[in-house]
1. Among the DSSP beta bridges whose two residues both lie in region 121-254, what percent are antiparallel, rounded to the nearest 5?
2. Quick check: net charge around HIS198, other residues with Cβ under 15 Å of its Cβ, Lys/Arg +1 and Asp/Glu -1?
3. Could you pull out every one of the aspartates and glutamates with an alpha carbon less than 15 Å from that of LYS308, ignoring same-chain neighbours closer than 8 positions?
4. Over the heavy atoms of THR230, what accessible area does a 1.4 Å probe trace out, to the nearest 10 Å²?
5. What are the ³J(HN,Hα) values, in whole Hz, obtained from phi via the Karplus relation 6.51 cos²θ - 1.76 cosθ + 1.60 with θ = phi - 60°, for each residue of region 313-329 in sequence order, with x given for Gly and Pro?
6. Accessible surface of TRP324 in the full protein assembly, 1.4 angstrom probe, to the nearest 10 Å²?
7. For LYS132, list the lysines whose Cα falls under 27 Å from its own Cα; do not include residues on the same chain fewer than 8 positions away.
8. Is the chain best put as rounded, prolate or oblate by its Cα gyration tensor, with a ≥ b ≥ c the root eigenvalues, rounded for a/c under 1.5, and otherwise prolate when a/b is larger than b/c, oblate when not?
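The values are calculated or read from the model by the stated rules, or taken from the named source; none is laboratory data. These numbers come from a predicted model, not from an experiment. Please note: Cβ atoms are built from the backbone with ideal geometry, for glycine as well, and neighbour counts cover all protein chains shown. These area figures cover heavy atoms from the full protein model, side chains too; ligands, DNA and RNA do not enter into them. Shrake-Rupley method; radii C 1.70, N 1.55, O 1.52, S 1.80 Å.
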Amino acid sequence: MTDSPPRCVIVGAGHAAAQLCASLHEGGWPGSVTLIGEEDHAPYHRPPLSKAQLDPQADGAVQLIRPIAFYDDAEVTRITGQRVTAIDRANKQVVFGGQTLGYDTLVLSTGSKHRLPPIPGIDLPHVMSLHKAADAERIKAKTKSAQRIVVIGAGFIGLEVAASLRKHGVDVTVLELSDRVLSRVTTPEVSSYFEELHRGNGVRLLTDVSASNIAERGDGLEVTTSQGETLPADFVVVGAGAAANDDLARDAGLDVDNGIVVNEFNQTSDPAIYAMGDCCNQHHPLYDTRLRLESVQNATDQAKTVAKSMLGRPAAHDALPRFWSDQYDVKFQIAGISTGHSAAVSRGEPTPGEPFSVWYFDGDHLIAVDAVNDARAYTVGSKLIPKRGRPDPAAIADPSVDLKTILKSAQGA
């Protein structure tokens, strides 16, 4: 009697799931793959939700990561419009829609969920967040008849939404609790650049200010700030950060701590279950700390790690964290994690239309680079950081010194 082919079930249909399907297919996975997603779409690109899909000139259609034909060719069974409600670890089954499905390997790719600040009125009908394609469609539709919109939060999502909504010609006010935008990810210099960018494009940007109350007012809303100002709004978009969507794992008894805890192979506390993407928390060898990262690059890199383990070729995950954001005509790219840096060196001037970057050091080792319209700085940083490169800070600060020279002198140092 021969063993049955192994069954892989993937819960969640985002970037990590799409990559895992591809990597298993390319690697010759001998068993079945079933992909279960809550939405009716096949896995699609999430970053455009706050950008291209809100553009008044765009058709708003989702951008599939891979065509439907790919899943058919790879013999991936797609189950759409279903939410997995429980994991039966003892019997190796997942529960959804009143039925069960067995697995030999279960992969959780459940992503993140938006945080909703404890503001009175946050649950009113005209208060929205942007997490799924349907959210983008709803926001774009409401913008057509809107005049004034309030955005709560000035992180990547809040600022990207603000930039997209300004293209519709509506008045946009952004409220940020911190004293500067993007305060959790970058330096005051870069924050100041983006504040000027948005104000220059007509956004009213208020920092050190929070929303203390949201109330219905006629056909719209009225937002009261912590400074006592009242802001009329046709609707409100909340972009106040995200938390790991780890409830399913917690209820199943898996180790959870700011995300599903995984080892270097993205394996959970149950050897038959993996987790990848925004939902998981993993030790990163380069930074010697546990990280829960929200980025497309991390999701796809971790999916490749999971595939290698499932295919019997395990390799510890050590990919460099990378992020990006598009706002107006500005591309902001981040290589590495700057948390805990001991020094930051600027290259170029933060002038609109001109490239500049900030290089972060821990001692003499480069740990991160923020690049604004500067793909070369991002590329060089991405090469040096994993090698614990030690570029000369004085050379970085001097724009007359070519980046190739900096790269060559620092490699292997």
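1. 40 percent
2. Values: positive: LYS51, ARG166, LYS167, ARG180, ARG199, ARG204; negative: GLU160, ASP171, GLU176, GLU195, GLU196, ASP326, ASP329.
Result for the neighbourhood of HIS198: -1.
3. Leaving aside aspartates and glutamates fewer than 8 places away in the same chain, those within reach of LYS308 are GLU26, GLU264, ASP318.
4. Roll a 1.4 Å probe over it and THR230 shows about 70 Å².
5. Listing the rounded values in order: 10, x, 9, 4, 6, 8, 4, 5, x, 9, 9, 7, 8, 10, 9, 6, 9 Hz.
6. 90 Å²
7. Excluding near neighbours in sequence, the set is LYS51, LYS113, LYS140, LYS142, LYS144, LYS167, LYS304, LYS331.
8. On the way: a/c = 1.94, a/b = 1.16, b/c = 1.68.
Cα axes put the chain in the oblate bin.
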